[in-house]
Every structure is written in C-alpha cells, then in structure tokens.
Amino acid sequence: MAQVPEPADDVKAVRQKFYDRLARLDMAPLWESLHALVLKQPASPARPFIWRYQDQVRDLLMEAGQLITAREAERRVLILENPGLKGTSSITRSLYAGLQLVMPGDVAPAHRHAQNALRFIVEGENAYTAVNGERTLMRPGDLVLTPSWHWHDHGNDTDQPMVWLDGLDIPTVAFFDASFAEAGNDETQAQVRPIGDSDRRFGNNLAPVDWKPATQSSPIFNYPYERTRETLETMAQADAPDACHGHKLRYVNPASGGHVTPTMAAFMQLLPSGFASAAYRSTDGTVFSVVEGEGEGESVIGGERFRWKPKDVFVVPSWTEVTHRADTDAVLFSFSDRSVQEKLGLWRERRADA
Ligand code: 1HN
C-alpha cells in the first residue's frame, strides 16, 4: 500500500465533521475501515481451546441429565462456545458444536430444520437416531448425519447414557438469514424402512438405477467406526504417513464424490505411535474429537500446547498453525466448513513441508 503523509490537525477536524454528517445518514467513509475489512490474511477472533471430557464435561453432562429431560429440553445439549466468540453459540465463526446426552428412556422429539447436523458418537451404544423414518443404532466413533430439512428424532432404549458431539452449520445458516424449522406431529417418527436400509442401498458402491439424489447430503447417514478404522489400518499398514496429517481420510458422499454435507466436511486421521507432524494451517477452522490415544497425545495450536485424551474436543481456528504429536497410535475425528469454502473458491492450506 502506498505510504501517505499524516494529515494536519485542521484537515483531520474537517474530515471528522464530514464523517459525523455521514454517520447521521447511515453512511461511512470506506477509507477509514478498508484495511480492517480486507485483511492480508485471516485473523479469526476464534481461539484455540479444549474441552476435557473425563475431567470436566462428563460430570456436568450427567448433572444436566438429572436437571431436565430430553423431552422438556427438546435437545439436552451443552454448547461448546469458543471463548473468543462469547454470546454467539459458535465454536468457529461458521460452526456450532455441542455435547448431547440421551439418557435411558429419553425421547428427543422429531423436528426438522434448514441446518445440517452431524453427530460423532462419544459414549454409549445402541441408542438410535431416526432420519426420515429410518432408524440407525449408534456406536462410539460412528458418524451420523441428519441433513437439512430431514425429520429427525433420537431415543435410547438401552440402560446406558449415550453422548455424542453435535456439529451444525447454525452460524452459516444465520449468516444467510435462511433458517426454517418445524416440529413433527408425532414425537417419535413411524419407522417406514428397516434399520440398515440406506446403508445396504448406498453403502455397497451401488445405487438403485434411475435414483437421483434429492439433496446435496450423503444418502448414507451412518458411517460406522468399524469400517473407518479398517480403512485407516489398511493405510497405516501400507503407506508412509503424510507429514502433516498422518493417515487421513475424508468422509465421502457416494452420490457426488464430494463432502458428506453441503456445509460441513468430516475427516478421520490416525497418528501412528511416535508420530510428530509438520506444521499445517488451512482456512477452515476445525473441530476435533479424540477417538483413540491412551498415551500422551498433544496438539500445539497457535503456539499453545494442548494435551488431549479420548473423548476430548478441541478447536483449531482458521489459519492457525497446528502440529500433532502422539506417543501411542491416536485417532482424531474432525469436521469443518471446508465443504462451503471449496465451493466458493476460498479454501487454502499451507504446509510447512511444501
Ligand atoms: C438439533 O436439532 C439437534 O437434532 C442438536 O439433535 C443440537 C442445536 C441447535 C439447533 C438444532 C438434534 C441442535 C439442534
């Protein structure tokens, strides 16, 4: 930018009077704010942060389980709010995250909304989510989708609490002022297809002939951990780890080859025992959930060190340098708005090893 001399005080005063007249008419001089509007590189107000499951969050969740039913709450969720984004219910500028508890006997009633949601299962086994009349039973490490405008309800017919990480595009939908929502007539959807129907139709590299996707989300709504883990293991046996990511997978919508939802992309990576990654940054602020890693695992995010354990959630803001290190094999799930940024031609990454 061209260097211009500082104006004299009398010139400044005249200008200020002009700006005041503009302000009364809801106008402003661009030249006073241009540099703050068009940054040379991202400078997110979001901060690196970790929520520790065993030490902090789990007890509070269980306390919430005694305070309120899922029916009364509609969804019994503790919001994970980024400390740099207070009052916004956001974990990054574009994404919302929360930890949801479904207790034995709970019913989280059917509703639908414009927001896309993903669930990453943290604790418990075999509670269900129903999506447009089809139930899926959930296990730790599964990725379950409830796409935009699909009816969904949850229930737990087991005798154990069920906890998952919710990821939604709430701030993104709010940005576009495009939110719609509706409550179902019945709390629990009638089951119109058997459990496993979509998985068998679309999860075998097949699709019914003439089938056309009606939405931009994946027709598979449960990506079970067993299969994800098998793919990671296959890569780890055969390949050298990527310097920045270890062995990293992208969850795929088989109908398009793209990401699993139009607004959120999801990933799973294995950091082999003893691995220390090269520094990495990308424009998609990313939420991580630790799946495996009983030894010492840590990430350095924007110069701050975060030790993590299974079930912890941490966030890496946009364009913040991150490195990961693991003493024993560790597995990290993550999701971000990369799906949107790629469509808009905005997504960038920088690898320290490139
Ligand atoms: C929602 O529908 C769920 O269906 C969870 O489980 C969290 C947060 C905000 C808005 C809708 C769910 C939500 C949500």
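The values are calculated or read from the model by the stated rules, or taken from the named source; none is laboratory data. Predicted model only: the values in this text are computed from it and were never measured. So basically every Cβ, Gly included, is an ideal-geometry build from the backbone, and we count neighbours across all protein chains shown. Heads up: the accessible areas ignore ligands, DNA and RNA and are worked out on the full protein's heavy atoms, side chains in. Shrake-Rupley method; radii C 1.70, N 1.55, O 1.52, S 1.80 Å.
Looking only at region 187-243, count how many residues are under 15 Å from Thr129 (Cα atoms) and more than 21 Å from the chain's Cα centre (by Cα).
Within region 187-243, residues that are under 15 Å from Thr129 (Cα atoms) and more than 21 Å from the chain's Cα centre (by Cα) number 13.
Which one is most open to solvent (accessible area, probe 1.4 Å), of the residues in region 58-98 that are polar (S, T, N, Q) and closer than 18 Å to Val313 by Cα?
Applying the first criterion (polar (S, T, N, Q)) to region 58-98 yields 66, 69, 82, 88-90, 92, 94.
Checking which are closer than 18 Å to Val313 by Cα leaves us with 82, 89-90, 92, 94.
Working: Asn82: 0, Ser89: 46, Ser90: 6, Thr92: 8, Ser94: 20 Å².
By that ranking, first place goes to Ser89.
State all residues of region 317-337 that are open to solvent by less than 10 Å² (accessible area, probe 1.4 Å) and under 13 Å from the mean Cα position of the chain (by Cα); if no residue qualifies, say none.
Pro317, Leu332, Phe333, Ser334, Phe335, Ser336
Could you list all residues from region 292-306 that are touching a residue at least 60 places away in the same chain (Cβ under 8 Å) and surrounded by fewer than 22 Cβ atoms within 10 Å (Cβ to Cβ)?
At the first step, the residues of region 292-306 found to be touching a residue at least 60 places away in the same chain (Cβ under 8 Å) are 301-302, 304, 306.
Of everything in region 292-306, those that are touching a residue at least 60 places away in the same chain (Cβ under 8 Å) and surrounded by fewer than 22 Cβ atoms within 10 Å (Cβ to Cβ) turn out to be Gly302, Glu304, Phe306.
For Phe221, are the conditions met, namely being without any contact (Cβ under 8 Å) to a residue 40 or more places away in the chain and within 16 Å of the ligand (Cβ to nearest atom)? Let's see the steps before the verdict.
Values: without any contact (Cβ under 8 Å) to a residue 40 or more places away in the chain: no; within 16 Å of the ligand (Cβ to nearest atom): yes.
Answer is no for this residue.
Return yes or no: is Thr172 outside any strand (DSSP E or B), within 14 Å of the ligand (Cβ to nearest atom), among the polar types (S, T, N, Q) and crowded, with 16+ Cβ neighbours inside 10 Å?
Details: outside any strand (DSSP E or B): yes; within 14 Å of the ligand (Cβ to nearest atom): yes; among the polar types (S, T, N, Q): yes; crowded, with 16+ Cβ neighbours inside 10 Å: yes.
For Thr172, the condition - outside any strand (DSSP E or B), within 14 Å of the ligand (Cβ to nearest atom), among the polar types (S, T, N, Q) and crowded, with 16+ Cβ neighbours inside 10 Å - is met.
Could you please find all residues in region 110-125 being buried (at least 22 other Cβ atoms within 10 Å of the Cβ) and either among the acidic types (Asp, Glu) or farther than 12 Å from Thr146 by Cα (or both)?
Ile121, Val122
From the list Glu187, Glu226, Glu233, which one is in contact with a Pro (Cβ under 6 Å, 6 or more places away or on another chain) and acidic (Asp, Glu)? Before you say what the answer is, go through the steps one by one.
Values: Glu226 fails: in contact with a Pro (Cβ under 6 Å, 6 or more places away or on another chain); Glu233 fails: in contact with a Pro (Cβ under 6 Å, 6 or more places away or on another chain).
Matching residue, one of Glu187, Glu226, Glu233: Glu187.
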